[in-house]
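Note sheet for the following structure.
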Amino acid sequence: MADVKKPDKAGSGQFSETEVLSRIESILRFTTDELANTEIRAEAFEKLTEFEAQLLQQQRHISSALENVQKYRDEIEKDWHKEKAVRESTLELMANRMKELDQALHAQEYILYYAASEQKFLRTLLLDLKQKKSLSESDTNKILTDHDALLAELVRKAKK
């Protein structure tokens, strides 16, 4: 506030017109300054409120975007797990197929070995028949024993 002047000690206890006007002017200036400060504070508060609302809106957008990213990541992870399961199943099927093909190959090798052994046995038998022109009972028993031995050997090889 403005300087307050005290009335003259000797005087009448009244203020002069200039002093009164000076005081009124000081009060008006103070009031005007207060009103201006109040308006500035009100505008600042309004801007702060608007800024806070914008921040909240942005925070909602960010939260929504993060949720969408999380959902997308979860979908990608699910798809990855499905693809992994498919790859594992495919590998298992391929391994089983390879085992089956390996077993078929061994069976074919066994059949070829059997056929070659049987052919060798029959050639030997035909040569013996051609040379001897007839077979005795002991020759027939020897041929049957040799054939049984051949079959036993083939069974033993098949088990390996």
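Restricting I76, I143, I111 to those that are in a helix (DSSP H, G or I), more than 30 Å from A158 (Cβ to Cβ) and among the aliphatic types (A, V, I, L, M) reduces the list to I76. Regarding the stretch 60-82, can at least one residue be identified that is more than 27 Å from the chain's Cα centre (by Cα) and open to solvent by 100 Å² or more (accessible area, probe 1.4 Å)? No, the stretch 60-82 contains no residue that is more than 27 Å from the chain's Cα centre (by Cα) and open to solvent by 100 Å² or more (accessible area, probe 1.4 Å). Residue pairs whose Cβ atoms lie under 6 Å apart, separated by 6 or more positions or on different chains, with the first residue in the stretch 39-65 and part of a helix (DSSP H, G or I) and the second open to solvent by 80 Å² or more (accessible area, probe 1.4 Å) and modelled with pLDDT of 95 or more, do not occur.
For the stretch 117-127, a tally of residues being under 60 Å from the mean Cα position of the chain (by Cα) and open to solvent by 50 Å² or more (accessible area, probe 1.4 Å) returns 0. Cβ-Cβ distances below 8 Å connect the following pairs, each with a first residue in the stretch 128-152 that is more than 27 Å from Y110 (Cα to Cα) and open to solvent by 70 Å² or more (accessible area, probe 1.4 Å), a second residue that is modelled with pLDDT under 80 and assigned to a helix (DSSP H, G or I), and a separation of six or more residues or different chains: K132/D139.
Considering L150, L125, L112, the condition of being hydrophobic (A, V, I, L, M, F, W, C), in contact with a His (Cβ under 9 Å, 6 or more places away or on another chain) and either modelled with pLDDT of 80 or more or on the phi < 0 side of the Ramachandran plot (or both) is satisfied by L125 alone.
The values are calculated or read from the model by the stated rules, or taken from the named source; none is laboratory data. Here the structure is a predicted model, which means the values were calculated and not measured. Note: ideal-geometry Cβ built from the backbone for every residue, glycine included; neighbour counts use all protein chains shown. Side chains are part of the model used for accessible areas, which takes the heavy atoms of the whole protein and leaves out ligands, DNA and RNA. Shrake-Rupley method; radii C 1.70, N 1.55, O 1.52, S 1.80 Å.
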